[in-house]
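Everything on this sheet refers to the single structure shown next.
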Amino acid sequence: MRSEDPGVAVRSATPSEYVTVRSIIEGALLEVDEGSLRRSAVLVAVDDGRILGGLVLSGLEVEAVAVRPGRRGQGIGTALVGEAAARRPVLTAGFEPDVRAFYESLGFAVECDGHRCRGRRDPRRMRRRRRG
């Protein structure tokens, strides 16, 4: 999967890259513990050998997705979620309300309780909605 930047590729992370992924996630004020990284599918967006963003996928749940601050708004997060969706078409995620538009733009149906949001991306439901 590619971002809007043709030099950026998304692939599975190697265990030696987990420290960098965790640093990027923590830099976005998100949390993921080291054990979760080892038990989950971890994806990275890479350009010229530099990790620009990461996504932690535990089962169907997007535990965290984050991009380096200087590279946000360039389609990197979208490419990470797109690759996760290619691996697991139905995805769920819990997130803060301020990133609701990001998840909705990727086809997640979102419900918020004021402090937290939950989203579910199901391509079968998305196809039905387009036909209706």
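No value in this document is a laboratory result; all are computed from the given coordinates. Quantities reported herein were computed from a predicted structural model and do not represent experimental measurements. Positions of Cβ are backbone-derived with ideal geometry, glycine not excepted, and every protein chain shown enters the neighbour counts.
Data table
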quantity: Karplus (6.51, -1.76, 1.60) ³J(HN,Hα), θ = phi - 60°, over the range 67-80, in Hz, Gly and Pro reported as x; calculated: 10, 3, x, x, 10, 5, x, 10, x, 6, x, 4, 5, 4
quantity: Table column - 3J(HN,Hα) (Hz), the range 52-62, Karplus curve with 6.51, -1.76, 1.60, x for Gly and Pro; calculated: 9, x, x, 9, 10, 10, 10, x, 8, 8, 7
quantity: Additional length obtainable on full extension of the chain from residue 72 to residue 122, 0.36 nm per residue less Cα span; calculated: 15.5 nm
quantity: Vicinal HN-Hα couplings computed from phi for the range 105-121 (Karplus, 6.51 cos²θ - 1.76 cosθ + 1.60; Hz; Gly/Pro x); calculated: 5, 9, x, 7, 7, 10, 10, 10, 10, x, 9, 9, 10, 10, x, 9, 10
quantity: Where a label projected 7 Å from the Cα of residue 111 along Cα→Cβ would reach, residues of the range 71-95 with amide N under 20 Å; calculated: 90-95
quantity: Value of D in µm² per second that Stokes-Einstein yields for the chain, Kirkwood Rh from Cα pairs, at 4 °C (1.567 mPa s); calculated: 87 µm²/s
quantity: Computed [θ] at 222 nm, deg cm²/dmol, the chain (DSSP H ≥ 4; -39,500 (n - 2.57); rounded to nearest 500); calculated: -9000 deg cm²/dmol
